[in-house]
Amino acid sequence: MLLKTEKLRKAKKFFKTPKGLLILVLTGLIAMAAPGQGWRTVLPGLAAAVAVSGLIDLLILRLRKNVWEFPSGAVLTAMITAMVLRAQEPWYVVTVTSAFAVLSKYVFRTRHANVFNPAALAVVASYYVFHTGQSWWGALTELPLWMQAALILAGVFITDRVNKMPLVLTFLGVYFVLFTSATYLSDPRWVSEIYRSPDAQAALYFAFIILTDPPTSPAKYPDQLIFGGLAAIVSFAVFEWAGVVYFLLAGVLAGNVWEAWRRVNRRESRGFGFALQNFALALMPSSFSAQTIQNE
C-alpha cells in the first residue's frame, strides 16, 4: 500500500513538470486530431514509435545513470515526430524516424546539451531517406476553426510554463511580417498558402511545441529574441528559395546551431577562429560524459 502511494505521488509530481504537462497536452491534441485521420491509420505508427523510442532511451539512461528512469524525453520526441509526419506514412517509417531522433540526442551534442531538436532533425532526415511527407495532423488541421482554439490555448499554457513567450512571439511576428511583405514582392498565390491549412496551424504548433524545446533553446529573454528571429528568417528563406516541405524545421535547426555555438563560446572572446575550433572540439565524442544528459 505504501509503495502504491509513493508511486502515485511520484506520478502526480511528474505530471506537474513541463515534460509531464506536455505529454498530457500532446495526448489531448492526438485524441482530438486522430479521429479525422482514422485511428487505424494513426495508431500503429504512433504506438510503435513511442514504444521503441522509449525502450531505446530507457536502456541508454540506465547505462549512463545506473538507475531506471522514465524516458519522458523519448516519449515526447516520438509523439511530436508522429504528429508532424504524414499520417499515412508506414508505421515502420514513423518508428525508425523517431528512433533516430532519440539516438541523435547522444550523438550531436556538446557538454551542455544536445545540439539539435531531435524530432526536427529526424523528420528532415526522413525526408531524404524515406521521401516522407509532412501533414502536421497533430496541429488539428482537419478540425473546425473553433476547435483549433485548443491548439492556441494549450500552446500558450506550455509556452508560459517553460518561460519562452518572447521566443514564440518574436518568431510568429517576424515570420508573418516576412511572408506578408513577400506578397507585395512576389506572386501572392505562392505565399498565400502560408495562411491556409495546414501551414497556418503548423506554424503555431511549431512555435509552441518544437521551437520552445528547453534543451535546445535559450533561457534568457535577449537570446530568445535572437533565436526566434533567426528561426523565422531561415524558415522564410528556405520556403522562398528552396520550397521544401521542411522549411519550418530548417528554421529551428539553424537556431539550434546558433544556440549551441552561443553556449560553447559565451565566455570566450579570442576571435572567430578560436570560437570555431572550440565549437568543433565541443562536438567531439570525447566531450561526452554522464553529466551532459542532466537536461534530458
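Where helices (runs of 4 or more DSSP H) fall entirely within region 154-222, those with at least 3 residues that are more than 16 Å from the chain's Cα centre (by Cα) and β-branched (Val, Ile, Thr) are at 165-185. Restricted to region 177-203, and to residues there that are free of Cβ contacts under 8 Å to residues at least 12 places away in the same chain and of a type in the set (A, V, I, L, M, F, W, C), the residue that is farthest from TRP241 (Cα to Cα) is ALA200. Look at region 20-31: where a residue is more than 18 Å from GLN201 (Cβ to Cβ) and a partner is outside any helix (DSSP H, G or I), sitting 6+ places away or on another chain with Cβ atoms under 7 Å, you get LEU21/PHE15; LEU24/PHE15. Among the residues of region 223-269, the ones that are in a helix (DSSP H, G or I), under 20 Å from LEU172 (Cβ atoms) and touching a residue at least 12 places away in the same chain (Cβ under 8 Å) come to 29 in all.
Screening region 112-135 for residues that are of a type in the set (A, V, I, L, M) and part of a loop (DSSP other than H, G, I, E, B) and picking the one that is surrounded by the most Cβ atoms within 10 Å (Cβ to Cβ) gives VAL115.
Among the residues making up region 56-91, those that are more than 15 Å from LYS105 (Cβ to Cβ) and among the β-branched types (Val, Ile, Thr) are VAL67, VAL84. Does ILE158 count as buried (at least 16 other Cβ atoms within 10 Å of the Cβ) and more than 20 Å from TYR246 (Cα to Cα)? When the stated conditions are applied, ILE158 passes them. The helices (runs of 4 or more DSSP H) falling completely within region 1-109 that include 2 or more residues that are under 16 Å from the mean Cα position of the chain (by Cα) and surrounded by 14 or more Cβ atoms within 10 Å (Cβ to Cβ) map to 18-37, 39-65, 72-84, 91-107. Determine whether region 21-42 contains at least one residue that is over 27 Å from LEU145 (Cβ atoms) and in contact with a Ser or Thr (Cβ under 8 Å, 6 or more places away or on another chain). So far as region 21-42 goes, no, none of its residues is over 27 Å from LEU145 (Cβ atoms) and in contact with a Ser or Thr (Cβ under 8 Å, 6 or more places away or on another chain).
Per-residue answers, yes or no, for (1) surrounded by 13 or more Cβ atoms within 10 Å (Cβ to Cβ); (2) modelled with pLDDT of 95 or more:
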site: ALA207; (1), (2): yes, yes
site: TYR221; (1), (2): yes, yes
site: ALA231; (1), (2): yes, yes
site: TRP241; (1), (2): no, no
site: GLY251; (1), (2): yes, yes
site: ALA254; (1), (2): yes, yes
site: VAL264; (1), (2): yes, no
site: PRO285; (1), (2): no, no
site: PHE288; (1), (2): yes, no
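The values are calculated or read from the model by the stated rules, or taken from the named source; none is laboratory data. If you're wondering where the values come from, they're calculated on a predicted model, not measured in any experiment. Glycine gets a Cβ as well: all are built from the backbone with ideal geometry, and neighbour counts include every protein chain shown.
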